[in-house]
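Participant: Could you have a look at this structure, given as structure tokens, before my questions?
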Amino acid sequence: MRFVFKTDYNQDIRILKHSGYWWSYGALLAVLVAAPFLLGSYLQSQLVFVFIYAIVGVALMILTGFTGQASLGHAAFLAIGAYTAGFLQQLGVPFIVYFPVAAVLTGLVGALVGFPALRLQGIYLVIATIAFAFIVEEVLARWESVTHGNEGMRVRTLDLVGMPVPRDSAAFYFLCLLVLVGVVVLALNLLRSPTGRAFVAIRDSETAGKSMGIDLAAYKVKSFAISAAITGMAGVLFAHKMTFISPEMFTLLLSIEFIMVIIIGGAFGVHGAILGAIFMVMVDPFLTALKDDVPVLAANVASSFGMAQDAATHLQEKLSKIGSAAGLKGAIYGLIIMMFILFEPYGLYGRWLKVKLFFQLFPLYKRATFKRQKTYVKSERNR
Amino acid sequence: MSFFTVDGISLQFGGLKAVDNVSFSVAKGEIFTIIGPNGAGKTSIFNLISRLYNPTAGKLFFGDQDITEVPPHQIAKLGIARTFQNIELFENATMLANLLVGRHCHATTQLWQEMLFLPSVRHAERAHRRKVEEVIEFLDLQAYRDKLIAGLPYGVRKVIEMARALCSEPKLILLDEPSSGLNVEETDDMSFWIRDIRSELGITVLMVEHDMTLVNRVSDRVLALNYGKVLASGTPSEVQAHPDVIAAYLGA
Amino acid sequence: MLDFIQQLVSGIALGCVYGLIALGFVLIYKATEVVNFAQGDLMMLGGFFVFTFIGLMGLDYWLGFLFAVCGMAVFGMATERILVRPILGYPQFSIVMATIGLGYFLRSIAGMIWGTDDLRIETPFSAGVLKIGDLVLAHDKLSVIVATVILCSVLYAFFNYTRMGTAMRATSENMLAAYYMGIPVKRVVSLIWAISAAVAACAGVLLAPITFIHSNVGLVLGLKAFPAAVLGGFGSIPGALVGGLIIGIIESLAGFYLPQGWKDIAPYIVLLVVLVVRPHGLFGPSMRKKV
Amino acid sequence: MRLSIFKAALLGAAVGLATLPALAQTKVTNQGVTTTEIVLGTHQDLSGPIKVWGVPVLNGMQLGVDEVNGKGGINGRKLRLIAEDSQYDPKKAVLASQKMVEKDKVFAMVGPMGSPTVLASQDVLFDAGVPQLFPLTAAEFTFKFDPAKPQERLKFNNLLPYVESTRAGLKYMVEWKKPKAVCIMYQDDEYGKNVFDGFTQQLDAMKMKAASVTTYKRGASDFSAQAAKMKSDGCDMVLMGTVIRETIGLMAEAKKIGFAPVWLGATPVNVLEIPALGKELVEGLYAIAGFVIPYRDTSTGAVKAWCEAYFKKFGIEPNSQAVIGYNVIMTFAYFAELAGKDLTGQKLLDALESGKEYKDIFDSPPTKFSKTNHLATTITQVQEVKNGRWVLVKGGLGF
């Protein structure tokens, strides 16, 4: 266990609390920087989607995790960012202009959504954001002069001050990584400032926050605006990654995926957003890989245990037939989510903290430290 | 003009008069206590003062300023802080973070500066922290600095809530039943702290309290309420001797 | 004018469909504060159950109906036992996620078991039409209206006038206190899920002639019923019915009188307006935290 | 409209060939071809919103692969089909395409499903030089190509495009039935939009006006408002840019309120499920079609054998989705065979563009491509539901 001897207030203000963090995050960053040179475009693409989802995850973390305002409308913010980029690019506006413009515009829309949200809580807020998202989807489908309606919009290759950045290039990967790192730093900065603390205060007790001098309306709107603006940035990257956007890509199901990012990651830290994004993006390729590799592996294992070659091949065919049964992937996906929540209601980051504590306390860790306690529903109706 | 004045204030929920034409004033540096049986409207008065409720009639004055129309989040900035009967701390944050929220009304930094964490923000943060450390020192809370509220015992939370109110450097502090749920020792400590708040920090105290020993020990003046109406006011012994108060408490 | 009345009647029929599904949402929320995102998928499963009993096994319609409802009640209870009970009391959104996962699972599994084709069953309500003057109301929709009204009244009476109903309301107010008062909380929650799944099954069976039976039927209808439940005030049984009716009528009238596209968003616009005015829906209790 | 596109494409091709000879060279992959096998890839929606298409299409493709391999493969090479479930999610389609190109080293992407999924993922294929053959979307971007971008030459489509087929079918029906008020109801997505475009273009060409335009969202189940609106607008012919349930739902609703126009469905309506599910409701429904749907009990010859084989393998009746999937593989097999023993990407491309015709067993219009035209056919039919079966009304339609 590490003891940190504090001698300076700055130690509590710093993002990285002690030198160990420098090493571990430095190493992580080094790996991420090296990745595109080592990986093929398939894995690199997965990472790019992880980055984009993580950016949205951080945005949602600010709104839902820190401020306690649930939203199932973030696909709409992503859409606004994406369409702003697509539209402005067609007008010949350069990336360095439309990227911030998309963020600001989405932020303004977010603030607009924030106002009616002031009086709403819990499930009522969720449904209001869903309603907002449906309206945005319809506007995208109808406003054909700007969005090309349901035909969808082709998005040209990103042009960074004269340098083309194709969507599968290392440069695009680094751009997404850079935005993610920037957004994470921004979120952490907020969190150690009065604004971030005001967000958390609103989440935990609106009444106390109010009497401590926090203007609930202003901070809720701020939280919505910041969250939307960050999602708008992700939208720009998303548009360029997909090279094609259409209204039906930004549905409630996408919003649900985003909320899952933070729930599965653990809704109480920026780490959670990133872990959740990794999970949400990677689970599908992972299932695909399982489907491809398990039969081969099983056949190899079987034959090494003395199974006849014919039988082993037969086994492999059998297994791969089961694996590629239509719809199996969707079912397993649902099952994974259920199992996950059942066994780790506090998300991946919660699990990570437990593992970390286990090693820190080793060998003193008691099995019962995180034993499930009897829980009862505490009403969240009247807050 | 006195330090803090409540002038004929009333509060009505539907047909129920929770507060009925209550007037009193608190002098600077005083410890003023409101007593009364359950449902007498004590907490409602606090909620009116911190502007969580809008009065149906009457006015509130803080010094010369009419604060009847001031929005709730600006009350803290004027120098009125409060605690809550059932503790309203930010459960999933550390004590330090809770106390820093108490500094919120003194925040000067802009959102964009905070996003970039400019040196000015760092400077302001350090200043806030220094102030918070003073309060931690004052109330002897060093042991809990980095602890999550959710895991702390009730008695400690009561003190932390008081600390959070003190962090906003108030001129007037409203304490809503500071001793409720505390054992005898903790109540003793509480009475010392309340007196220290007044004598060392020079903060005027307005409190709601049930525990008459605590009331007797610390209060300069007492106001007794029942059914939203003022029964009596004066020194603790005067009020306790008042026949209406005795009747109200004995239920006669 | 006839057009208007005809649209109103269609809207009421449609609204009852939403109300019926919304009822399932409301019941579970009322008791456990869980928003069951798989409610539409429970309805879908009810449809497949009845198809299995009537279409494949050749049972009589009413018998198949009964079996499907009972089967779904058991399924609901099992879901509660396996999926919900272990995580009750954890952050609500986690439980909501679990039900979303359940939805994915059920949709895919249904596709794997019953195939991807749309299925139909013959019902006594499939074809007939009720005519009042020039006004037309199909029997299939009439059956939904009648069933919704009956179910709403029965459940309302159950909650308000029976011992078990009172126990359920107590549980929904404060689970811990209810437990201390000797209410078998676990059994109550189990029962609620059973009732809710049974209601979903009713919806699935009655809608089968209108929407056909397929694995995605619950997703879309569930999404429409959800705002209905919220509009009425989540947790209020009459609210579910009224919310459903409002959404149904608006959708019908907007589809007829407004340009294309409005039909689908008009209910949401109305929902937003209502929520701005009444943040807890039409019948939702507006509670305030005591400090 | 269509002509002008092709004229432009032709012109562009001519200009491109004349001025940029170096650019016109298309990079084509040779991966995925060994002495014993050819690896093909496809992504389908197997558990998402349009799995009702994805699953039977994949079945049909597998049947095709079995048949080709049963006959000893293509010039001795067996086919191996890699199928991934995209769940109709463009992101998953992109990842699946990259995986198939990179890990499975597919030689060609055959019959990928859906417009947004194909559009988002096609550049992955073109960058790697993998041909995108016969995607299951009838949208323009799957066959129209810019000669200045040589990689776009890798697109080939053999499905009847919605715009063109709608125009041809509508033209025939309007000339035949002479309706006074033509209306449309279409699905609010890319498919419906294409049908709507065909509708407006053809009405414009025939100097007519739409009497009523209504839409619905995918998955909708209530069409009372639309039916009532079209009835009150006096429609006597309704074009439906619908799929299965919506077609039946709308017709059922109309019947109840005594609204009986001439019904005409776009190509996706021409599927077995409609008469099977709609029964007597859909009697007399016309639909625009590409080929005659085979029925297991009444078909003869090769089609009969195919139907039986399908039923035997999957235990369900074959449908038009399965035919489309099967044809994807068989069309590939034909052109790959044509490309010769030493199959390479370039040779496949040459074979495809050779102008040779592939004729399937279902009597569809022949599949034929050229250097400038990568759309196999626009010849359209109109069919009608009679006694619960689709029967041909008129074939060989154009506009």
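Participant: Scan region B:172-188 for residues that are open to solvent by less than 70 Å² (accessible area, probe 1.4 Å) and not in a strand (DSSP E or B) and jot them down.
Facilitator: The first filter runs over region B:172-188 and keeps only residues open to solvent by less than 70 Å² (accessible area, probe 1.4 Å), leaving B:172-182, B:186-188.
Of everything in region B:172-188, those that are open to solvent by less than 70 Å² (accessible area, probe 1.4 Å) and not in a strand (DSSP E or B) turn out to be B:177, B:178, B:179, B:180, B:181, B:182, B:186, B:187, B:188.
Participant: Tell me yes or no: at least one residue of region D:344-360 is in contact (Cβ under 8 Å) with a residue 60 or more places away in the chain, over 27 Å from residue D:149 (Cα atoms) and not basic (Lys, Arg).
Facilitator: Looking through region D:344-360, at least one residue is in contact (Cβ under 8 Å) with a residue 60 or more places away in the chain, over 27 Å from residue D:149 (Cα atoms) and not basic (Lys, Arg).
Participant: Where the second residue is at pLDDT below 90 and part of a helix (DSSP H, G or I) and the first is within 14 Å of chain C (Cβ to nearest Cβ) and lies in region D:297-326, which pairs have Cβ atoms under 7 Å and are six or more apart or on separate chains?
Facilitator: D:319/D:273; D:321/D:53
Participant: Being farther than 30 Å from residue D:218 by Cα, at the interface with another protein chain (Cβ under 8 Å from one of its Cβ atoms) and in contact with a Ser or Thr (Cβ under 9 Å, 6 or more places away or on another chain), is that true of even one residue in region A:168-190? Spell out how you get there, then give the answer.
Facilitator: Just the residues of region A:168-190 that are farther than 30 Å from residue D:218 by Cα, to begin with: A:168-190.
Right, trim to at the interface with another protein chain (Cβ under 8 Å from one of its Cβ atoms) and you get A:168, A:186, A:189-190.
Right, trim to in contact with a Ser or Thr (Cβ under 9 Å, 6 or more places away or on another chain) and you get A:168.
Yes, some residue in region A:168-190 is farther than 30 Å from residue D:218 by Cα, at the interface with another protein chain (Cβ under 8 Å from one of its Cβ atoms) and in contact with a Ser or Thr (Cβ under 9 Å, 6 or more places away or on another chain).
Participant: Which one of these is of a type outside the set (Lys, Arg), more than 10 Å from every other protein chain (Cβ to nearest Cβ) and either open to solvent by 10 Å² or more (accessible area, probe 1.4 Å) or free of Cβ contacts under 8 Å to residues at least 24 places away in the same chain (or both): C:196, C:172, C:190?
Facilitator: Details: C:196 fails: either open to solvent by 10 Å² or more (accessible area, probe 1.4 Å) or free of Cβ contacts under 8 Å to residues at least 24 places away in the same chain (or both); C:172 fails: more than 10 Å from every other protein chain (Cβ to nearest Cβ).
Of C:196, C:172, C:190, the one residue that is of a type outside the set (Lys, Arg), more than 10 Å from every other protein chain (Cβ to nearest Cβ) and either open to solvent by 10 Å² or more (accessible area, probe 1.4 Å) or free of Cβ contacts under 8 Å to residues at least 24 places away in the same chain (or both) is C:190.
Participant: Select from region A:149-172 the residues that are buried (at least 22 other Cβ atoms within 10 Å of the Cβ) and more than 25 Å from the chain's Cα centre (by Cα) and list them in ascending order.
Facilitator: Once the filter is applied, which keeps residues that are buried (at least 22 other Cβ atoms within 10 Å of the Cβ) and more than 25 Å from the chain's Cα centre (by Cα), region A:149-172 yields only A:150.
Participant: Being closer than 17 Å to residue B:82 by Cα and touching a helix residue (DSSP H, G or I) at 6+ places or on another chain (Cβ under 9 Å) narrows it down to one residue among B:221, B:195, B:145, B:217; which is it? It would help to see each step written out before you state the result.
Facilitator: Details: B:221 fails: closer than 17 Å to residue B:82 by Cα; B:145 fails: closer than 17 Å to residue B:82 by Cα; B:217 fails: closer than 17 Å to residue B:82 by Cα.
Going through B:221, B:195, B:145, B:217 in turn, the sole match is B:195.
Participant: Return yes or no: is residue D:292 touching a strand residue (DSSP E or B) at 6+ places or on another chain (Cβ under 9 Å) and more than 22 Å from residue D:213 (Cβ to Cβ)?
Facilitator: Values: touching a strand residue (DSSP E or B) at 6+ places or on another chain (Cβ under 9 Å): yes; more than 22 Å from residue D:213 (Cβ to Cβ): yes.
Taking the combined requirement at face value, the residue satisfies it.
Participant: In the set B:136, B:67, which member is under 25 Å from residue B:202 (Cα atoms), assigned by TED's automatic domain parsing to the domain that holds residue B:204 and open to solvent by less than 10 Å² (accessible area, probe 1.4 Å)?
Facilitator: Details: B:136 fails: assigned by TED's automatic domain parsing to the domain that holds residue B:204.
When all the criteria are applied, what remains is B:67.
Participant: Here is a further query. Could you tell me whether any residue of region C:35-54 is within 8 Å of chain A (Cβ to nearest Cβ), touching a Lys or Arg at 6+ places or on another chain (Cβ under 8 Å) and not β-branched (Val, Ile, Thr)?
Facilitator: No: zero hits.
Matching residues to (1) under 26 Å from residue A:189 (Cβ atoms); (2) open to solvent by 10 Å² or more (accessible area, probe 1.4 Å); (3) within 12 Å of chain D (Cβ to nearest Cβ):
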site	(1), (2), (3)
A:267	yes, yes, no
A:278	yes, yes, no
A:294	no, yes, no
A:301	no, yes, no
A:306	no, yes, no
A:313	no, yes, no
A:325	no, yes, yes
A:328	no, yes, yes
A:331	no, no, yes
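Participant: Can you tell me how many residues within region B:88-125 are touching a Lys or Arg at 6+ places or on another chain (Cβ under 8 Å) and more than 9 Å from chain A (Cβ to nearest Cβ)?
Facilitator: 3
Participant: Taking the condition over 22 Å from the mean Cα position of the chain (by Cα), open to solvent by less than 20 Å² (accessible area, probe 1.4 Å) and at pLDDT 90 or above, does residue A:187 pass?
Facilitator: Values: over 22 Å from the mean Cα position of the chain (by Cα): no; open to solvent by less than 20 Å² (accessible area, probe 1.4 Å): yes; at pLDDT 90 or above: yes.
Criteria not met by residue A:187.
Participant: Scan region A:100-118 and tell me whether some residue there is within 22 Å of residue A:253 (Cα to Cα) and open to solvent by 50 Å² or more (accessible area, probe 1.4 Å).
Facilitator: So far as region A:100-118 goes, no, none of its residues is within 22 Å of residue A:253 (Cα to Cα) and open to solvent by 50 Å² or more (accessible area, probe 1.4 Å).
Participant: Further question: Would you check which residues across region D:255-267 are open to solvent by 10 Å² or more (accessible area, probe 1.4 Å) and either of a type in the set (Lys, Arg) or touching a residue at least 60 places away in the same chain (Cβ under 8 Å) (or both) and list them? Break it down stepwise before answering.
Facilitator: In the first step, residues of region D:255-267 are kept if they are open to solvent by 10 Å² or more (accessible area, probe 1.4 Å); the result is D:255-263, D:267.
Once the filter is applied, which keeps residues that are open to solvent by 10 Å² or more (accessible area, probe 1.4 Å) and either of a type in the set (Lys, Arg) or touching a residue at least 60 places away in the same chain (Cβ under 8 Å) (or both), region D:255-267 yields D:255, D:256, D:261, D:262, D:267.
Participant: Moving on to the next point. With C:265, C:249 as the choices, which residue is of a type in the set (A, V, I, L, M, F, W, C), touching a residue at least 12 places away in the same chain (Cβ under 8 Å), within 14 Å of chain D (Cβ to nearest Cβ) and open to solvent by 10 Å² or more (accessible area, probe 1.4 Å)? Spell out the reasoning first.
Facilitator: Numbers: C:265 fails: touching a residue at least 12 places away in the same chain (Cβ under 8 Å).
It is C:249.
Participant: When you go through (1) open to solvent by 10 Å² or more (accessible area, probe 1.4 Å); (2) under 23 Å from the mean Cα position of the chain (by Cα); (3) farther than 30 Å from residue D:29 by Cα one by one for residue D:288, which number turns out not to apply?
Facilitator: (1)
Participant: Pick out the one residue from B:200, B:169 that is open to solvent by 50 Å² or more (accessible area, probe 1.4 Å), outside any helix (DSSP H, G or I) and closer than 23 Å to residue B:80 by Cα. Quick ask: steps written out before the conclusion?
Facilitator: Values: B:200 fails: outside any helix (DSSP H, G or I).
Among B:200, B:169, only B:169 is open to solvent by 50 Å² or more (accessible area, probe 1.4 Å), outside any helix (DSSP H, G or I) and closer than 23 Å to residue B:80 by Cα.
Participant: For region A:191-217, give me each residue that is among the aliphatic types (A, V, I, L, M), more than 7 Å from chain B (Cβ to nearest Cβ) and within 24 Å of residue B:120 (Cβ to Cβ).
Facilitator: Correct list: A:191 only.
Participant: Could you please find all residues in region C:146-182 being modelled with pLDDT under 85 and not in a helix (DSSP H, G or I)?
Facilitator: C:174, C:181, C:182
Participant: Hey, another quick one. Report yes if some residue within region D:208-216 is open to solvent by 50 Å² or more (accessible area, probe 1.4 Å), assigned to a loop (DSSP other than H, G, I, E, B) and more than 19 Å from residue A:141 (Cα to Cα); otherwise report no.
Facilitator: To start, the set of residues in region D:208-216 that are open to solvent by 50 Å² or more (accessible area, probe 1.4 Å) comprises D:209.
Going one step further and asking which of them are assigned to a loop (DSSP other than H, G, I, E, B), we end up with D:209.
In the following step, the residues that additionally are more than 19 Å from residue A:141 (Cα to Cα) were identified as D:209.
For region D:208-216, residues open to solvent by 50 Å² or more (accessible area, probe 1.4 Å), assigned to a loop (DSSP other than H, G, I, E, B) and more than 19 Å from residue A:141 (Cα to Cα): present.
Participant: Filter region A:122-137 for residues that are facing another protein chain (nearest Cβ under 7 Å) and crowded, with 19+ Cβ neighbours inside 10 Å and give the result.
Facilitator: Here is the first cut: in region A:122-137, the ones facing another protein chain (nearest Cβ under 7 Å) are A:123-124, A:127-128, A:131, A:134-135.
Selection gives A:123, A:124, A:127, A:128, A:131, A:134.
Participant: Among the numbered criteria (1) under 20 Å from the mean Cα position of the chain (by Cα); (2) farther than 30 Å from residue A:48 by Cα, which single criterion is violated by residue D:71?
Facilitator: Checking residue D:71 against (1) under 20 Å from the mean Cα position of the chain (by Cα); (2) farther than 30 Å from residue A:48 by Cα, the one that fails is (1).
Participant: Next up: Are there any pairs, at least 6 apart or on different chains, whose C-beta atoms fall under 8 Å, with the first in region C:79-93 and farther than 16 Å from residue A:347 by Cα and more than 7 Å from chain A (Cβ to nearest Cβ) and the second part of a helix (DSSP H, G or I) and open to solvent by 20 Å² or more (accessible area, probe 1.4 Å), and if so, which?
Facilitator: C:85/C:186
Participant: Is one or more of the residues making up region B:149-165 more than 7 Å from chain A (Cβ to nearest Cβ), open to solvent by 40 Å² or more (accessible area, probe 1.4 Å) and closer than 16 Å to residue A:200 by Cα?
Facilitator: Within region B:149-165, one or more residues are more than 7 Å from chain A (Cβ to nearest Cβ), open to solvent by 40 Å² or more (accessible area, probe 1.4 Å) and closer than 16 Å to residue A:200 by Cα.
Participant: Right, here's the next one. Quick one: would you say residue A:239 is more than 15 Å from the chain's Cα centre (by Cα), of a type in the set (Gly, Ala, Ser), modelled with pLDDT of 90 or more and over 30 Å from residue D:92 (Cα atoms)? Working first, answer last.
Facilitator: On the way: more than 15 Å from the chain's Cα centre (by Cα): yes; of a type in the set (Gly, Ala, Ser): yes; modelled with pLDDT of 90 or more: yes; over 30 Å from residue D:92 (Cα atoms): no.
No; evaluated as a whole, the condition is false for this residue.
Participant: Name the single residue that is farthest from the other protein chains (Cβ to nearest Cβ) among those in region A:7-28 being open to solvent by 70 Å² or more (accessible area, probe 1.4 Å) and outside any helix (DSSP H, G or I).
Facilitator: It comes out as A:7.
The values are calculated or read from the model by the stated rules, or taken from the named source; none is laboratory data. What you see is a predicted model; the values in this text were computed from it and never measured. Every residue, glycine among them, receives a Cβ derived from its backbone with ideal geometry; neighbour counts consider all protein chains shown. Only protein heavy atoms, including side chains, enter the accessible area calculation; ligands, DNA and RNA are left aside. Shrake-Rupley method; radii C 1.70, N 1.55, O 1.52, S 1.80 Å.
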